[in-house]
Amino acid sequence: MSYFVTGGTGFIGRFLIDNLLDREGTVYVLVRKGSAKKLDALRVRWGEREKRVVAIAGDLAKPNLGVSSSDLSKLKGKVKHLFHLAAVYDLSADAESQEKANIDGTRNAVEFAAAIEAGCFHHVSSIAAAGLYDGVFREDMFEDAEALENPYFRTKHESEGIVRKESKTPFRIYRPGIVVGHSKTGEIDKIDGPYYFFKLIQKMRNALPPWVPTVGIEGGRINIVPVDFVVDAMDHIAHKKGLDGECFHLTDPDPLRVGEILNLFAKAAHAPQMTMRLNAKMFSFIPSFVVDAAMSLAPVRRIQKQVLSDLGIPKDMFTFINYPTRFDNREAAKQLKGSGIELPRLEDYAWRLWDYWERHLDPDLFIDRSLAGKVKDKVIVVTGGTSGIGEATAYKMAEAGARVVVVARDPEKAIPVMAAIKASGGDATFISCDLSSLEDCDKLVATVLKKFGRCDFLVNNAGRSIRRGIASSYDRFHDFERTMQLNYFGSLRLIMGFLPSMVAQSSGHIINISSIGVLTRAPRFSAYVSSKAALDAFADCAASEFIDNNVHFTTINMPLVRTPMIAPTKLYNHVPTLSPEQAADLVVEAIVYRPVRIATRLGIFGEILHAVAPKATQIILNTAFRMFPDSGAAQGKKKDGEQKDVELTPEQIAFAQITQGIHW
């Protein structure tokens, strides 16, 4: 007995061939020139049996599948079962490619089956052939399909119609549900169906603890089946006698709702569950013209496009949110009875699907995460580049092949930094600049643009920090002026200087090193936090103005870092801090991923506390304020005493450990 398979190198096809090779006979596989290597790669999985897999050169888009006359003669009368799987199974594909593959390809396959006098034509259709039929769609129904406007629904319906009306060969039709990965291995070859929502689930997991309840959508019932069930059922039914001309639904008789499915995958991902699920139909009272009018607004369209693009979700996927069709599968169930082939429960294998996706198909796996991929030969200006975070950042950028502009006041401090960069083969230029001087800032911008012609990344790192309570600052207004001048106006002057060139080149990224204090509002840092908060607010406003110019802003709310800036405060010798290298890694993350903000979970939690329980938060912060007193210098005492180390009480150590990263 011989078989012929179209789409044999595809996802369902390769598993079907696995099954067919368990039987006797040769398996002929239609292969385009471009897919020959795919078939060769699959031969490894078949071991010694691969000798029974014979490639037949052809093309789905050509008459008789583009098979040569010699191969037609060779196959004539020898193929007992022809399985037609080749098609476009993709909601996001354009209409033209779907018509070419699904409609024209099926017609050519039907003609080919007649030409080689195949015993039976097995057509793998889809539940999409029913369109958006409102109710129960039986296996003997076809013309009753409704709402076929979507190209995928329409072409799957028409291709099945071609088999029913034009096939001279006895045929059987199989309509599988939404096919997902193998229930025992999780294997799948592309993102489709429920997989489109995996990135959203992953982002929720990364942003929130798993115990946080979230709001989701209940939605309609989605029919999901694993590929191993589909091929096992199809293989079994195909070899039973007396079933020609019939259609079989390879579906779940009791499908889950959208919300239930997403929660199963959220559980598998250790992400928050959608505890409160809203039925999307509850919004049906809103007139369609109101919804259409809102969605036609330019800002709404842009937001929708950006969100869906970030998550990798095709717009047409939302067609299934209120999916109205249920599928009766009694004929398929009747033929599978006693075979041992049963549909596994999604809750028993959802974790395998998630695990396989995250290990093999997560789009982030294919992003160039290397810093070099982002910054090689790019011009990066790093302020405060001769010590601490700036120095560590300069080293990482130079190592990745960037053209680094190291900015600082003291040329003497720059000598070892520049020597280290050049010794490692890096490209760096030092420019002396007092960033508290607006005139110096303007000169820096002019020098960079004259020498390099552009600035691709600006890392605003240089800053001044003052740890002093307000009561100790009544006569030190200059502390606030100096801090604002450097931290805010200096950074702002550079941003305003480089923005025109970034807009002109249609690319640019400004990274501001802010502080966790902006989120937690830690006491004793009113001057420092205010200056950083001003810069954060400016970046938020500017980002909205320049996003369509491909100029982006990232704010890093940096936790406490062990740098020369905190050295005078001796109590920091006893509290957890980041190293400059760890802080520089956050700058790398900002460049590679280009997020709007990078912050620790504790920082985000602090901001939430300020929003939902401001009084309670003030009490906590006041406790810390009284627990960690001003330094001797802040109190106006002689600096000699300030040089001595301080011993923290057990209470202070415990509090500092719990609030790691916050400046106290």
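Coordinate-derived values only; no laboratory data. Model, not experiment: these values are computed from the prediction. FYI the Cβ positions are ideal-geometry reconstructions off the backbone, even for glycines, and counts take in every protein chain you see.
Details
- Loop-located chymotrypsin sites (Phe, Trp or Tyr not before Pro) across segment 472-568 with a Cβ neighbour count of 13 or fewer within 10 Å are Y474, with loop assigned by DSSP.
- Along segment 35-51 the Karplus relation, 6.51 cos²θ - 1.76 cosθ + 1.60 evaluated at θ = phi - 60°, assigns HN-Hα couplings of 9, 4, 5, 4, 5, 4, 5, 6, 4, 4, 5, 8, x, 5, 5, 4, 5 Hz to successive residues, with x for each Gly and Pro.
- Highest-first packing order for the peptide set 183-190, 13-20 is 13-20, 183-190, based on the mean count of other beta carbon atoms within 10 Å.
- Projected-area mean, segment 202-252, by convex hull of Cα positions, square nanometres: 6.0 nm²
- Residues of segment 488-524 falling in the label zone of N549, defined by backbone nitrogen less than 18 Å from a point 7 Å along Cα to beta-carbon, are 491-512.
- Enclosed volume per residue, in Å³, of the convex hull spanned by Cα atoms of segment 2-366: 148 Å³
- Per residue, the convex hull volume that the Cα atoms of segment 46-165 enclose (Å³): 132 Å³
- Stokes-Einstein diffusion coefficient of segment 25-103, Kirkwood radius over Cα pairs, 4 °C, 1.567 mPa s, in µm²/s: 91 µm²/s
- Förster radius 30 Å - calculated FRET efficiency between W211 and A95, Cβ distance, rounded to 0.05: 0.10
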